[in-house]
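The values are calculated or read from the model by the stated rules, or taken from the named source; none is laboratory data. Note that the coordinates shown come from a computational prediction; the quantities given were computed from them, not determined experimentally. All Cβ positions, even for glycine, are placed from backbone atoms using ideal geometry, and neighbour counts span all protein chains on display. Please note that ligands, DNA and RNA were not included when accessible areas were found on the heavy atoms of the full protein model with its side chains. Shrake-Rupley method; radii C 1.70, N 1.55, O 1.52, S 1.80 Å.
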Amino acid sequence: MASNIILFEDIFVVDQLDPDGKKFDKVTRVQATSHNLEMFMHLDVNTEVYPLAVGDKFTLALAPTLNLDGTPDTGYFTPGAKKTLADKYEYIMHGKLYKISERDGKTPKAELYVSFGGLLMLLKGDPAHISHFELDQRLFLLMRKLINGRWKKEALLAGIAKHGSGKWTSILDDPEFAAQLLDRTNINLKDKWRNIKKSRTQSLESTSIFTSPSETSRSVVSYEASPSSSSDMSNDARYDAMVFEAVSTINDENGSNLKEILRFIEGQHEVPQNFKKLLSYSLGILVSQDKLKKVRNRYKISVTKAIKPTLTLRPKDSTKPPELPSTSVILTSKETHEIDLAANREAEGMNELAKENNTGTRSNKTLGCF
């Protein structure tokens, strides 16, 4: 697998070009900082064939071989039908690691020096990130630009639905998604997936659920978007709400399968053309969060871990108050007669009290004239 042969990989941002002045016409010394591992790098690049500008982002990987099975490489490029690591990158150099140095202190630093036929690289940072390199090791440097940092989110979600979370290499190698994720790496997918899950968790906290008193009848889900929610977050939470509505309305004791849920949602809501993949993804997330239970490809609302609503609980139609269960009371004729007598006595007492109050008021008015 490609991920097993890569010794180092990260996203770099170009901070400066030729920091010490221009030395060669066709070669530019690039100063860059990595996005995830906070590594510093100087790298000589043939910018005549691979131009770079300040602010550009690119993925850089170091590997001892281009063969995906990990077998040693001759160091020469041989055209052919065999698939190699080079297929995923745009700019590749082959060279030798000639120096490794470490500096102790409050923040220890390690430095890696590699020569690619006279083009040099200095990689500096936390020793833990470059501890598996060896002196005189032959290395391939592979680069690929990130085009405007754009994400093919739907391809990522569809890939996770097909292969599962964490199967980043399988998703990238899948021909169905390879074209859309061409400029992405395992680290890119992992980080994006973590951010998506975090956003979904925040969005689901804005989802309210009304459940009838029996807690076994239909649940109605309504979503209210947070002012800071992005459109992606709103869509994800809205799809989850549709799932809960479908499962609770179908109300099959054995649960509902994907086809039944999809048919119900498409009959009730307007959804995008690729909604089946998005629905499969949402179902997987809800199962992983224990909000749905999956048994033999059928889904049921989990009773052990319900969503905790943060908004006021209300029925789907807020203009109509929830109906309360009716109660019937049967009275005998004797009990009815006793209640009528008690009511009459109470009324007579109130009349007597009113007469006394009226008499006192007239007396007070008469005394007030003197």
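Per-structure values
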read-out	value
Filter pass, A225 being under 19 Å from the mean Cα position of the chain (by Cα), at pLDDT below 85 and either open to solvent by 80 Å² or more (accessible area, probe 1.4 Å) or within 29 Å of K198 (Cβ to Cβ) (or both)	yes
Criterion: open to solvent by 80 Å² or more (accessible area, probe 1.4 Å) and touching a residue at least 24 places away in the same chain (Cβ under 8 Å) - qualifying residue of D126, D136	D136
Of all residues in segment 167-211 being open to solvent by less than 20 Å² (accessible area, probe 1.4 Å), at pLDDT below 85 and of a type in the set (S, T, Y), the one that is nearest to the chain's Cα centre (by Cα)	S203
